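Below: one structure, written as structure tokens.
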Amino acid sequence: YAFKIELSDETDEIICELTVDIRFRGAGVQNLRLDLINASQELNNKGMVVSRVSSKGRALSYSHENDVLNIKLPSPSSLNQRSKFIIVYKGIPASGLKIGKNKYGDRTFFSDNWPNKARHWLATVDHPYDKAMCEFIVTAPNHYQVVSNGLKVEETNLPDGKRLTHWKQSVPIAPWLFVLGAADFAVQYVDTFDGKSIETWVYRQDRDAGFYDFAEPTKKALEFYSNYVGPFSYEKLANIQSNSVGGGMEAASAILYGANSVTGKRSIRWRNVVIHEIAHQWFGNAVTEYDWDDVWLSEGFATYFTLLFIEHEYGRDQFLAGLKSSQERVNTFYEKNPNYRIVHDNLKNMKNVTSSQTYQKGSWILHMLRGIVGTENFRKGIQIYYQKYQDANATTNDFKRIMEEVSGKDLTVFFQQWLYKSGTLVLSGNWKYDIKEHQVLITLNQVQTDGSLFEMPIELRINFKGEQQKKVVVQVKEKSNIFKIKVDSEPVKIILDPNLWVLMNADFKKSEK
């Protein structure tokens, strides 16, 4: 997709000439279908109006109804045919591109495409499975600087106080990751990573605070994820202050952050948002879920890999604190939504695409998976998964298959109970020492009342006098589980899940009987 877009200070109307370069992967295709929101009274006459569609200089017939642009091809496609189409349209975006004043009263333009709002201003196949390269050739008044995906290949001052800026992304991405920002920016070229530019784009008035805030920990996060997962896909990494998002939006190579992200204090909250959005460059952006039903492959992964970087850079205590905080949010959400499942079942309403469970519970599922397959196998599986699906699309089953291959384990039950079913694991148990048999009797009952039943390996640490320890792993499977463990002496204490590998609520103590 190459979008030639004109922006103006006189009107919110945008004018677009789009060139679509397509390969038809099947023979006999007769129509090209694109998503593009119609101008309508329901949207206060906002939306797009198409004026011309052509190919090789020849006008083509088309229809633009019900937010779908349908173009009739000159003749049915042949296998792997390459064709170019030019589509001219204009209108005021009802969504997807926010045009208005920022917190300093300056006019700005910022995209807000997630999850399916690109169609409000960009004619695309607006779905995560359609990955394409993109170009933005933007003509705007010359007091704006323009930022987008990829590399800037041209910046030219034009007559009448206008400037043309051309950005080109040569790596395929999903349409919701297309980005455009036009504002009075202060721009810093902070550093390079692997020969690629690390940049900061903030409002001119926030220059000093923004340059300070975004200088850390961007490069360290890029280095960590490249080492842990695989190579960074994109041609640059820009952190951009904007007014179209509240938190962060992980647009490929050009991340948008809310206007209040700049504080000059390098707050831990915003530091963690930066780490999360950079993690998305690998998960969500480079490896993209094939369908919104699998959105946890984006959000759960970015949330867990944020914690892995935090552990690497700031220590295990902060990692464990992050896990515990996530568990609290999982519990709170579950109390209000006991039937919620992570992998959606043919999601219809995009307002429901994410929840705290797709983030926090999703990250916990990865953590538990790591506990089951082992840290080395987990990392190996992540690297194979990334290598296989980089710049492409993947499903939950694709991920499951790779993790089964590297671990040699059947993970069907694990994936089913945590991702495809609702429910929570609640254990009530106790232990007592049998002096005659030299053994510990451990009882673990699943006491959740939602009808779910889990199969999970859970570690126990048995402490004896003199700092001696014994670690055992028990398999909780039934509603009531009893385990007998041989020991040489009476334990002082037994700790359930001492290393925090299982998402559960547990009441476990020594029996008084």
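Before moving on, here are some points about what is shown:
- Cα point-scatterer Debye curve for segment 145-185, base-10 log of I(q)/I(0) at q = 0.16, 0.20 Å⁻¹: -0.46, -0.67
- When the helices of the chain are scored as -39500 (n - 2.57) per DSSP H run of n ≥ 4 and the total is divided over every residue, the value at 222 nm lands at -7000 deg cm²/dmol.
- The alpha-carbon atoms of segment 378-459, seen along their principal axes, cover 60, 31, 15 angstrom, with the largest extent given first.
- Here the chain has an Rg and Dmax of 26.5, 96 Å, counting Cα atoms alone.
- Relative contact order (%) - criterion: Cα under 8 Å, at least six apart; region: segment 404-513: 31
- For segment 73-213, the orientation-averaged shadow of the C-alpha convex hull comes to 11.6 nm² (one quarter of the hull surface).
- Once both labels are positioned 7 Å from their Cα atoms along Cα-to-Cβ, the gap between residue 27 and residue 143 label points is 5.9 nm.
- The distance linking segment 264-295 with segment 157-212 is 19 Å (Cα centroid to Cα centroid, whole angstrom).
- Evaluated over segment 286-340, the Cα radius of gyration and Dmax, each in Å: 13.6, 37
- Given in Å, the Rg to one decimal and the Dmax to the nearest whole number for the Cα atoms of segment 384-513 are 18.3, 62.
- Carbon-plus-sulfur accessible fraction, the chain (probe radius 1.4 Å, protein heavy atoms only): 46%.
- Over segment 304-437, equivalent-ellipsoid semi-axes from the Cα gyration tensor in Å: 26, 22, 18
- Approximate shape of segment 355-397 as ellipsoid semi-axes (Cα gyration tensor, √5λ), whole Å, largest first: 19, 17, 7
- Kirkwood-based Rg to Rh ratio, segment 44-143, C-alpha trace: 1.01
- Normalised per residue, the accessible area of the chain is 45 Å², obtained with a 1.4 Å probe and no contribution from ligands, DNA or RNA.
- Dimensionless Rg over Rh [segment 137-217; C-alpha; Kirkwood]: 0.99
- Mean sequence separation of contacting Cα pairs (under 8 Å, at least six apart), scaled by the length of segment 62-173, corresponds to a relative contact order of 17 percent.
- Cα point-scatterer Debye curve for segment 1-106, base-10 log of I(q)/I(0) at q = 0.17, 0.21 Å⁻¹: -0.84, -1.13
- Using alpha carbons only: equivalent-ellipsoid semi-axes of segment 190-332, gyration tensor based, whole Å: 22, 18, 16
- For the chain, the relative contact order comes to 9 percent (Cα pairs under 8 Å, sequence separation of at least 6).
- Packing, taken as the mean count of other beta carbons within 10 Å per residue, orders the peptides 24-30, 376-382, 471-477 from highest to lowest as 376-382, 471-477, 24-30.
- Segment residue 223-residue 44, extension gain: residue separation times 0.36 nm, minus the distance between their alpha carbons: 59.7 nm
- Charge tally in the Cβ shell below 10 Å around residue 86, where Lys, Arg are +1 and Asp, Glu are -1, residue 86 excluded: +3
- On a per residue basis, the convex hull of the C-alpha atoms belonging to segment 279-370 measures out at 99 Å³.
The values are calculated or read from the model by the stated rules, or taken from the named source; none is laboratory data. Not measured: the values here are computed from a predicted model. Here the Cβ is made from the backbone with ideal geometry for all residues, glycine too, and neighbour counts use every protein chain on show. Just the protein is used for accessible areas: all its heavy atoms, side chains included, with ligands, DNA and RNA removed. Shrake-Rupley method; radii C 1.70, N 1.55, O 1.52, S 1.80 Å.
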